[in-house]
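Here is the structure we will look at, set down as structure tokens.
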Amino acid sequence: MNINDTSTREKILEAATEEFMSKGFADASMRKIAGKVGITATALYRHYKDKEAIFDAVVEPAVQAWELLCQTEEKRQTGTARESGLEAMWGDNDQARRIVELIYKDFDAHKILFCKSDGTKYEDYLHEIVTKVQTATLTFMNEIEDKGIQVNHVDEKEMHLILSAQYAAMLEMVNHDFSYEEALHYCDTVNNFFKEGWRKFLGF
């Protein structure tokens, strides 16, 4: 790919970001994206085969960031529990702030991913994240129960419901365009609220 192609692709993604933010995926116009770049719709299709391919490219940084977070946070939190005990894990407030940092590093991509993705393969992406967190949590619960620690046997549907509520609450900062400072305050509020509930619900 030559420099001109790279530059054009960057302009397409900038224009597409603006269009998706304004209209959402379903109502976004390929013709308008092309017009903002200053190319024809035909030329646009030479770079991206369809609107969903452009959408995928726009949200890719956010998706990759969440995939990495799910992997690293599982290892970090369980590592804390193994090395320093469960109280140290419960006392760890870093995860909520890591989520804020992740979101505000590329706010537009996250806004589009979670609020503008109806009609794409990402319209249930929050559900996918929650499912990964739930799987990791249940695995860890089995591990500590095997070590003789008392654990409540929870209904998986209930766990999914509560996890969904927690992550949806965190994403309200995106829905309502909170400033970074507001989001940091808000994430602490959500974290403190859910932490005590989780301790009682999980039993350890």
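The values are calculated or read from the model by the stated rules, or taken from the named source; none is laboratory data. Not measured: the values here are computed from a predicted model. Virtual Cβ from ideal backbone geometry, glycine too; neighbours counted across all protein chains shown. Each accessible area value is taken on the protein alone, full model and side chains, heavy atoms only, with ligands, DNA and RNA left out. Shrake-Rupley method; radii C 1.70, N 1.55, O 1.52, S 1.80 Å.
In this structure, Glu52 does not qualify as open to solvent by 50 Å² or more (accessible area, probe 1.4 Å) and closer than 16 Å to Ile129 by Cβ. Here Lys32 does not qualify as outside any helix (DSSP H, G or I), open to solvent by 50 Å² or more (accessible area, probe 1.4 Å) and of a type in the set (Lys, Arg).
Within the range 77-93, restricting attention to residues that are of a type outside the set (Ser, Thr, Tyr) and touching a helix residue (DSSP H, G or I) at 6+ places or on another chain (Cβ under 8 Å), the residue that is most open to solvent (accessible area, probe 1.4 Å) is Asn93. Within the range 103-126, residues that are of a type in the set (Lys, Arg) sit with their Cβ atoms under 7 Å from residues that are at pLDDT 95 or above and open to solvent by 20 Å² or more (accessible area, probe 1.4 Å), at 6+ positions apart or across chains, in these pairs: Lys111/Met21; Lys116/Met21; Lys116/Phe25. Every residue in the range 1-19 that is in a helix (DSSP H, G or I), out of contact with any Asp or Glu (no Cβ under 7 Å at 6 or more places or on another chain) and open to solvent by less than 100 Å² (accessible area, probe 1.4 Å), please. Answer for the range 1-19, where residues must be in a helix (DSSP H, G or I), out of contact with any Asp or Glu (no Cβ under 7 Å at 6 or more places or on another chain) and open to solvent by less than 100 Å² (accessible area, probe 1.4 Å): Asp5, Thr6, Ser7, Thr8, Arg9, Ile12, Leu13, Ala15, Ala16, Glu19.
Inclusion of Ser22 among residues that are open to solvent by 60 Å² or more (accessible area, probe 1.4 Å), without any contact (Cβ under 8 Å) to a residue 40 or more places away in the chain and closer than 28 Å to Glu123 by Cβ is warranted.
Here Ile39 fulfils each of the conditions (1) in a loop (DSSP other than H, G, I, E, B); (2) without any contact (Cβ under 8 Å) to a residue 24 or more places away in the chain apart from (2).
Cβ-Cβ distances below 8 Å connect the following pairs, each with a first residue in the range 140-153 that is touching a residue at least 12 places away in the same chain (Cβ under 8 Å) and open to solvent by less than 90 Å² (accessible area, probe 1.4 Å), a second residue that is part of a loop (DSSP other than H, G, I, E, B) and not aliphatic (A, V, I, L, M), and a separation of six or more residues or different chains: Met141/Phe204; Ile144/Phe204; Ile149/Phe204; Val151/Gly203; Val151/Phe204; Asn152/Gly203; Asn152/Phe204.
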